[in-house]
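> Just dropping this structure here.
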Amino acid sequence: MNREGESKIRVEGDDGTIKKILIRINTTALMQFYARRSGSTEAHSRQILNDIGFMVDSFLTPRPWWTVVKEPYPSAYLHHIKTPHPKNGGKASNTSSTFSDYKSFTITLPLYLSVILQRYPLWEEKLRLIAATQFPSDPNMQNVCSSMSATIGRQSCVHPGWHSVTDNYNVARSNRQFDIFAIFFPIYDQPVVNGGNNSFMSVSDCPNNPNQWTCAFLPMTNCTLPTFITECNNRTCMNTDNFYFSALLFPADATGKLVEKTTLQGSTPITSAAKALHLVQEHRSEFLYMMPYNQRGYRPATIEDIMNSPEALAFVFLFMIRKTYLYRQRIALLLHTFRSISSTAKGGSKTPSTSTPFAPCVAAHVRRGDRVMYVEKTHKAINMTEFCFNASLPRVTGAPQPQCINEKGELSNCPGLNGLSDFGCGPGDVPFESITLLKVIEKAELMVPPHVRSLVLASDDVEWLDEQIQIAKTVAPHWKIFVLPDPTKTSESSARRLYGTAKSYQYVRSEAGTDSGVYFHASIELAQQCQALVAHFGSGIPLMMYRAMCFYHAGIYGVCPPVYHLGKRF
């Protein structure tokens with residue numbers, strides 16, 4: 001089995017009657033084959049796993065109605081070599097969640113490896129239609145691509161983040177349903193920070209692919225992307241994005257040129273897009289955009305809420321962000337670490353690496369990072385409840401102005417509320433800084449029966465999280481808190497230390513590369529195993545988690561979980 005085509009997954013004829021594919025691979029025979037090449041047994045073992053992953057990716061790419069439910073990852077066959085770790089005082093390190101430590105492990109493969117592929121129970125007809133457009137079949141592929149327009153997304157999901165970017169891509173595609181849709185994000189020639197990394201991929205993990213998106217996620221078309229896009233690898237040449245974070249081009253091949261949306265050919269006219277969205281109307285009675293446990297103000301889905309229809313969610317999670325083997329194995333390693341080191345090493349005994357120690361559960365996300373204001377020198381969070389209250393006081397002519405502690409730790413005139421919405425300041429709003437873990441637990445208890453007392457928690461401020469967990473152990477010992485290992489925990493890029501000087505934080509929505517994206521998508525996979533969600537939905541990060549749970553959670557597809565919105569005072 002190798003990338004030259006010596007072994008492939010073949011399905012004869014239409015796969016409509018096939019529900020599941022099981023593949024058993026004899027590793028002894030493969031090792032004999034790979035022994036003809038140079039390299040160690042260890043290198044051959046890793047290459048076998050990578051080639052199996054490549055085979056699975058090749059099968060899944062044009063078939064979004066199929067998914068892989070089991071495949072071999074290196075993390076399942078790791079044997080750790082204890083070596084001194086410089087960040088651990090020279091002591092041997094037994095566990096790691098980062099790919100950089102991967103080389104300190106050896107791999108021993110079993111006699112047989114298994115791959116299980118399965119068709120999704122829903123949306124197959126819709127996904128087949130998408131695939132028929134996106135993957136024109138031979139021998140007419142080139143002619144088809146040359147006669148169609150292309151919508152090419154170009155965001156890195158740094159700012160704006162995942163939720164806003166995927167929403168805009170959904171809007172773009174709904175307006176241009178018969179365009180070839182793809183995402184292209186390059187390695188910049190002149191990176192500004194972090195070595196050119198983006199929010200989901202490090203250059204060092206994928207140095208030879210000009211499109212960093214397809215390092216993490218499967219390609220979305222077999223049409224050749226226009227060189228106008230693929231040769232744009234600096235931060236100024238693509239200021240021409242003209243449609244929902246995307247560039248519109250015609251034709252959808254190497255010769256494509258940027259065009260105005262009013263002159264595009266070969267695609268559904270934008271003015272008729274609403275007629276193509278009848279599926280949203282069909283679902284509006286039972287599929288709510290969002291209905292938090294404590295909120296009455298969110299409306300049902302309307303024709304404008306195209307990104308929240310079940311079909312739109314399927315487009316995001318079954319087509320747009322289908323993970324490559326590189327990403328799947330990295331997420332598997334992080335989850336392997338999560339399950340192995342303990343019940344997150346936060347509130348329980350050690351659990352087997354294959355178990356799910358926390359289900360049933362409540363998922364929670366506490367957003368802080370750049371939504372909390374810090375004093376520059378002390379890195380201490382400013383009391384945003386007081387700050388927002390003072391900023392909301394009316395200005396009386398001739399009277400002393402309300403005073404607020406600023407980022408230098410000094411008293412100064414409070415700003416108005418304008419520009420403070422990102423901190424959660426607003427009428428009836430709760431600032432992000434005011435959220436505590438005990439408040440999260442209090443709201444979680446409202447949504448689940450008494451026997452559910454497991455909380456799967458994610459946050460972008462790990463130091464704050466550690467402090468809050470210690471408090472919860474004393475005040476709410478009946479709750480078990482499960483936390484995914486933070487990829488930056490041992491680095492100098494913790495949210496609190498960094499924010500006071502650099503005004504940014506190093507994962508989830510920053511240019512922290514592969515660890516950033518893997519942490520975020522692994523957090524989503526953990527949340528999808530739970531029955532409910534508690535979060536402050538003034539941020540797109542928990543909104544993305546919510547949408548993923550609407551797509552799938554606790555064994556259910558297409559149904560949103562109960563949620564509690566921590567950002568509202570009612």
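The values are calculated or read from the model by the stated rules, or taken from the named source; none is laboratory data. Since the model is a prediction, treat every value here as computed from it, not as a measurement. Quick reminder, even Gly has a Cβ in these numbers, built from the backbone with ideal geometry, and neighbours come from all protein chains shown. SASA here: full protein model, heavy atoms, side chains in, ligands and nucleic acids out. Shrake-Rupley method; radii C 1.70, N 1.55, O 1.52, S 1.80 Å.
Listed here are the residues, each with its yes/no results for (1) in contact with a Ser or Thr (Cβ under 7 Å, 6 or more places away or on another chain); (2) of a type in the set (A, V, I, L, M, F, W, C); (3) in contact (Cβ under 8 Å) with a residue 40 or more places away in the chain.
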position	(1), (2), (3)
G517	yes, no, yes
S523	no, no, yes
V534	no, yes, yes
G540	yes, no, yes
F551	no, yes, yes
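> Taking the options L249, L225, name whichever one is under 25 Å from A132 (Cα atoms), of a type outside the set (K, R), modelled with pLDDT of 65 or more and not in a loop (DSSP other than H, G, I, E, B).
L249
> Here is a further query. How many of the residues making up segment 106-143 are part of a helix (DSSP H, G or I) and either touching a residue at least 24 places away in the same chain (Cβ under 8 Å) or touching a helix residue (DSSP H, G or I) at 6+ places or on another chain (Cβ under 6 Å) (or both)?
Looking only at that region, the number is 10.
> So which residues in segment 489-510 are of a type outside the set (K, R) and either modelled with pLDDT of 90 or more or buried (at least 22 other Cβ atoms within 10 Å of the Cβ) (or both)?
Those that are of a type outside the set (K, R) and either modelled with pLDDT of 90 or more or buried (at least 22 other Cβ atoms within 10 Å of the Cβ) (or both): A495, Y499, Y505, Q506, Y507, V508, S510.
> Search segment 159-177 for residues that are closer than 24 Å to R371 by Cβ and of a type in the set (A, V, I, L, M, F, W, C) and pair each with any residue that is open to solvent by 10 Å² or more (accessible area, probe 1.4 Å) and in a loop (DSSP other than H, G, I, E, B) when their beta-carbon atoms are under 8 Å apart and the residues are at least 6 apart or on different chains.
Final answer for the pair search is W162/R509; V165/Q155; V165/F245.
> How about segment 51-84: which of its residues are at pLDDT 90 or above and open to solvent by 50 Å² or more (accessible area, probe 1.4 Å)?
If the condition is that a residue be at pLDDT 90 or above and open to solvent by 50 Å² or more (accessible area, probe 1.4 Å), then F54, S58, R63, V69, K70 are the ones that fit.
> On the basis of being open to solvent by 40 Å² or more (accessible area, probe 1.4 Å), modelled with pLDDT of 80 or more and not in a helix (DSSP H, G or I), does P415 make the cut?
Answer is no for this residue.
> Mind checking which residues of segment 162-184 are buried (at least 23 other Cβ atoms within 10 Å of the Cβ) and assigned to a loop (DSSP other than H, G, I, E, B)?
Matches in segment 162-184: R176, D179.
> A further question on this structure: Within segment 33-41, does at least one residue satisfy the condition of being touching a residue at least 40 places away in the same chain (Cβ under 8 Å) and in a loop (DSSP other than H, G, I, E, B)?
There is no residue in segment 33-41 that is touching a residue at least 40 places away in the same chain (Cβ under 8 Å) and in a loop (DSSP other than H, G, I, E, B).
> Okay, next question. Would you check if there is a residue in segment 65-72 being of a type outside the set (A, V, I, L, M, F, W, C) and over 14 Å from I116 (Cα atoms)?
no
> Which residues, taken from segment 530-540, are open to solvent by less than 10 Å² (accessible area, probe 1.4 Å) and either under 15 Å from the mean Cα position of the chain (by Cα) or among the β-branched types (V, I, T) (or both)?
Of everything in segment 530-540, those that are open to solvent by less than 10 Å² (accessible area, probe 1.4 Å) and either under 15 Å from the mean Cα position of the chain (by Cα) or among the β-branched types (V, I, T) (or both) turn out to be V534, S539.
> Then there is this: Determine whether segment 547-554 contains at least one residue that is at pLDDT 90 or above and under 22 Å from Q329 (Cβ atoms).
Within segment 547-554 (the criterion being at pLDDT 90 or above and under 22 Å from Q329 (Cβ atoms)), the answer is yes, since at least one residue qualifies.
> Filter segment 427-452 for residues that are within 22 Å of I524 (Cβ to Cβ) and part of a loop (DSSP other than H, G, I, E, B); which is modelled with the lowest pLDDT?
Result: V448.
> Related question: Quick check: is even one residue across segment 131-146 aromatic (F, W, Y), modelled with pLDDT of 90 or more and surrounded by 15 or more Cβ atoms within 10 Å (Cβ to Cβ)?
Yes: segment 131-146 contains one or more residues that are aromatic (F, W, Y), modelled with pLDDT of 90 or more and surrounded by 15 or more Cβ atoms within 10 Å (Cβ to Cβ).
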